[in-house]
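Laboratory data are not the source of any read-out in this text; all were calculated from the coordinates shown. Not measured: the values here are computed from a predicted model. Positions of Cβ are backbone-derived with ideal geometry, glycine not excepted, and every protein chain shown enters the neighbour counts.
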Amino acid sequence: MASIEMRRGRLLWLPAVVMLVACATAGTPAQTVEQYVQAQVKGDANAMIALSCPTWEAQAKLAADSIKSRSPKLEGLACKEAGADGTATLVACTGKIITNYGGESREVNLAERAYKLVDNKVCGFK
């Protein structure tokens, strides 16, 4: 009897889990990229991976891990759709990521590249 109750309890959680996964990429491509960049600045590999297509997951983890020790700050982030590249949606952003490592400050200008998204998941840059 207890095992049936446990199964029912697990089944009750299933819709909530599905909704959480679906919400990870809800919104427009521009919103997805903004969430991706914000997660990168926080060093949140799990969030970046959730917003990435499978072929980009390793790169997302690397980007999150490499920025953690650099005291990152995000300034002026704004993204918008900027056309298409085959089946991919291109998203262009303005703003910058400022890092500090060993007393040296560096800026990454987000306007220098466009993000490529397929099915509202980040799959690379153009």
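Just a few scattered comments:
- Label zone at Asp65, where the point sits 7 Å out along the Cα-to-Cβ direction: the range 40-58 residues whose backbone N lies under 16 Å: 40, 43-50, 56-58
- Amide H contacts of Cys53 (H built 1.01 Å from N, in plane; Pro and chain starts excluded): Val122, Cys123 sit under 5 Å, all sequence-distant by 5 or more or on other chains.
- Residues whose amide H lies under 5 Å from that of Leu77, counting only those 5 or more places away or on a different chain, are Lys96; hydrogens are built 1.01 Å from N in the peptide plane.
- Between Gln31 and Ala84, the simple label model (points 7 Å from Cα in the Cβ direction) yields a spacing of 2.2 nm.
- Between Gln38 and Glu112, the contour length at 0.36 nm per residue exceeds the alpha carbon distance by 24.9 nm.
- Order of Leu77, Leu51, Leu62, Leu90 - criterion: other Cβ atoms within 10 Å of each residue's Cβ, fewest first: Leu62, Leu77, Leu90, Leu51
- Legend: distances between Cα atoms for Lys42/Lys73; Lys42/Lys80; Lys42/Lys68; Lys96/Lys121; Lys73/Lys126; Lys73/Lys96; pairs beyond 19 Å are Lys42/Lys80; Lys96/Lys121; Lys73/Lys126.
- Approximating the spin labels as points 7 Å out from Cα along Cα→Cβ, the Tyr101-to-Lys73 distance works out to 1.8 nm.
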